[in-house]
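Computed from the coordinates by the stated procedures, all read-outs in this text should not be read as laboratory data. Nothing here was measured: the structure is a model prediction, and the numbers come from that model. Because the Cβ atoms are built from the backbone with ideal geometry, glycine has one as well, and the counts that use them run over all protein chains shown.
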Amino acid sequence: MTILQSLSDMMRRPGNNSFEMPEFIQSHSMRVPVSLRPLTGADYDEWNEVRWRNDAWLKPWESGDPLHGAPITYKEWMKQLRRNERAGTGAVFAIEQHGRIVGQISLGAICYGAMRSGVVGYWVDERCAGRGYAPMAVALLADWAMFDPTGPRLHRMEIDILPENKRSRAVARKVGATLEGVRRAYMYVNGQWRDHESYVLMAEDAPNGFTARLMTGNSPS
């Protein structure tokens, strides 16, 4: 099947190109008790405090538009998230621990049809680094996106990481993602088009779920 045929197939079957946002995705690990939930307008004060308190911590890894589009407000961002959810093209979740926001995880660039893939991005509060929150969040997201009947039912999820981002590379390894190679000049970061290492999760990698595999310590290193 050609790419054009795949795109045509996607257009003919819109029912397969959507998902339902869950209210919560809960970890059952007592050791890493985190959950995911959609960000809302009511989260502004808490999200804003956590995100900007971590600005220096996150700045080396922040991507941006080289054409410098006008910044949007939090309210406008929420509207954009809801549009993406309705279109089935992206989802953004708060990472919570005991009811407080400790980070964020997103699934974007979702493709359907013959590809059924998406790209994962995440960040965690520096105060919570090293506690296993990010690997658990990725595993929870993967289980919903790949195996939940209300999710987008993806086959492949990609995590693209700057080579010097050792913490994020460790997250990918812990969740059992496979390093496929380097994408040259893949993303615009801090004024430069930067190479990224591409790590991949595929549905057949964890038939019993990525969360279960992570909790049992059976993820390949």
Counting C-alpha atoms alone, how compact is segment 96-221: give Rg to one decimal and Dmax as a whole number, in angstrom. 14.3, 42
Net +/- balance of residues flanking ARG127 in space, Cβ distance below 15 Å, scoring K and R +1, D and E -1: -1
With each run of n ≥ 4 DSSP H residues scored as -39500 (n - 2.57), what mean residue ellipticity at 222 nm is computed for the chain after dividing by its residue count and rounding to the nearest 500 deg cm²/dmol? -9000 deg cm²/dmol
For segment 192-206, in order, what is each residue's ³J(HN,Hα) by Karplus, 6.51 cos²θ - 1.76 cosθ + 1.60 with θ = phi - 60°, in whole Hz (x at glycine and Pro)? 9, 7, 10, 5, 10, 7, 9, 10, 9, 10, 10, 4, 6, 5, 9
Taking the simple approach of a point 7 Å from Cα along Cα-to-Cβ for both ARG100 and GLU23, what is their distance in nm? 2.5
List every residue whose amide H lies under 5 Å from the amide H of ASP195, counting only residues 5 or more places away in sequence or on a different chain, with H placed 1.01 Å from N in the peptide plane. ALA185, TYR186
Assigned charges on the beta-carbon of Lys, Arg, Asp, Glu; segment 24-216 dipole about Cα centre (debye): 160
Relative contact order for segment 24-216 using alpha-carbon pairs under 8 Å, separation at least 6, rounded to a whole percent? 20
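Can you give the convex hull volume per residue for the Cα atoms of the chain, as a whole number of Å³?
Cα convex hull per residue, to the nearest whole number: 139 Å³.
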DSSP H segments from the chain that extend 18 Å or more along their own axis, Cα-based, with Kyte-Doolittle mean of -0.5 or above: 133-147
Taking amide H atoms as placed 1.01 Å from N in the peptide plane, list the residues 5 or more away in sequence, or in a different chain, whose amide H sits under 5 Å from that of VAL200. ILE159, THR178, LEU179, GLU180
The FRET efficiency for TRP193 and ALA170, from their Cβ-Cβ distance with R0 = 30 Å and rounded to 0.05, is 0.75
Whole-Hz Karplus couplings 3J(HN,Hα) for segment 110-121, θ = phi - 60° and coefficients 6.51, -1.76, 1.60, Gly and Pro as x, run 6, 10, 10, x, 6, 9, 6, 9, x, 10, 9, x
